[in-house]
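Novice: After the structure tokens below, expect a handful of questions from me.
The values are calculated or read from the model by the stated rules, or taken from the named source; none is laboratory data. What you see is a predicted model, and the numbers here were worked out from it, not measured in a lab. Cβ atoms come from the backbone with ideal geometry, glycine included; neighbour counts cover every protein chain shown. Just so you know, the surface numbers come from the protein's heavy atoms only, side chains and all, with ligands and any DNA or RNA stripped out. Shrake-Rupley method; radii C 1.70, N 1.55, O 1.52, S 1.80 Å.
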Amino acid sequence: MATLRDIKNRIIGVKSTQKITKAMKMIATAKLRGAQQRIVGARPYANKIAEMLSRLAADDALQSNPFFVDRPVEKVCVVVITADRGLCGAFNTNIIREAVIYIKEESENGHAISVLTVGKKASEYFSKRNYTTEGKMVGIFGSLEYQSTLQLYSDLVPKYLNGEIDKIVLVYNEFVSMIQQRIVKVQLLPIPFVREEREQKSYSSNYIFEPDQISIFESLIPKHLKVQLWRALLESNAAELSARMTAMDNATTNAQELIRSLNLTYNKERQAAITKEILEIVSGANALKASSS
């Protein structure tokens, strides 16, 4: 049975933990506002450049571009984007589980799989297991900058063009709302055709391209790939912060409930101890009275 001192020490410990979780929730909330603004600003640009590229790619003369050609797939690179830190609920666990399922499916199809990890949690998981790794990036989400996208682009695209990789897939958490994230798998290369755009080709307007259509097409491809990578990093960062905010809010609420329960137990034990002391005093007094009489 825990003593009053043990219960009181536990209450003090839970209160200290509650202060930490509350502070972490406030920090995540403050950071989330900025991250949310960045992803909301990046989405229209990413969607529009993808739309423009799809419209240009609808031209049969441009479909032989190496970034669009569907070649026989022998080696698949899976880019797994997680957080650098924990304390964000099942955020990292869900991503890693989904990535492992996808890797298993591709392996069963006879494809060689390699993994490029972004985030410390994914790096720790896949480095300790029997996976072929293309590389890793850690510590970028503390201060997320566009330079990280350029590094990721330079690690992946040259290998695809050289034939070392036949397919690149991104697995990450997409930010939906303050309380919801969604795991998505996005094929980065080869760039998938948008069927709706191709079917509407005959109904689209005619454009005059300067200097020419091919030059614009070739200049848009690197921008498209970089902005899709940048968007994936922004989505994952915002989703991580929202998951941490929710997890810390739940932890703070649970700590408050635990403190209430411990205070109730402490008061019961204290009352029982006081009652026991009173009974001992009364019993002693009665014994003395009986002996004197």
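Novice: Where the centroid of each part is defined by its Cα atoms, how far is region 242-293 from region 76-135 in Å?
Specialist: That distance is 49 Å.
Novice: A follow-up question, please. If you roll a 1.4 Å probe over region 1-147 with all protein chains in place, what percent of the accessible area is carbon or sulfur?
Specialist: 53
Novice: Same structure, new question: Given R₀ = 51 Å, what would the calculated FRET efficiency be for SER261 paired with GLU74, taking r from the Cβ atoms and rounding to 0.05?
Specialist: 0.30
Novice: For GLU108, what accessible area in Å² do you get when you roll a 1.4 Å probe over the heavy atoms of the protein chains, rounding to the nearest 10?
Specialist: Taking all protein chains as shown, GLU108 has close to 140 Å².
Novice: List, in the order given, every pair from LYS104/LYS167; LYS104/LYS223; LYS31/LYS167 whose Cα-Cα distance in the structure shown is over 26 Å.
Specialist: Over 26 Å Cα-Cα: LYS104/LYS223; LYS31/LYS167.
Novice: Okay, next question. Taking the alpha-carbon distance from LYS276 and a cut-off under 17 Å, which lysines remain once sequence neighbours fewer than 8 residues away in the same chain are dropped?
Specialist: Qualifying lysines at Cα under 17 Å: LYS268.
Novice: Might you tell me the accessible area per residue for the chain, computed with a 1.4 Å probe and given in Å²?
Specialist: Per-residue value: 57 Å².
Novice: Tell me the relative contact order for region 1-157 as a rounded percent, counting alpha carbon contacts under 8 Å between residues six or more apart.
Specialist: With pairs under 8 Å counted, the relative contact order is 17 percent.
Novice: Ok, one more. Calculate the FRET efficiency for MET26 and ILE183 from the Cβ-Cβ distance with a Förster distance of 30 Å, rounded to the nearest 0.05.
Specialist: 0.65
Novice: Something else: SER143 to ALA273: FRET efficiency via 1/(1 + (r/R0)^6), r the Cβ-Cβ distance, R0 41 Å, to the nearest 0.05?
Specialist: For SER143 and ALA273, the calculated efficiency is 0.15.
Novice: To continue, here is another question. Could you sort the peptides 131-139, 275-283, 48-56 by per-residue average Cβ neighbour count (10 Å cutoff), highest mean leading?
Specialist: Result, highest mean first: 48-56, 131-139, 275-283.
Novice: In the set (i) 29.6, 120; (ii) 19.8, 61; (iii) 20.0, 65, which value of Rg and Dmax of the Cα atoms in Å was calculated from the structure you see?
Specialist: Read-out taken from this structure: (i).
Novice: With each run of n ≥ 4 DSSP H residues scored as -39500 (n - 2.57), what mean residue ellipticity at 222 nm is computed for the chain after dividing by its residue count and rounding to the nearest 500 deg cm²/dmol?
Specialist: That calculation yields -22000 deg cm²/dmol at 222 nm.
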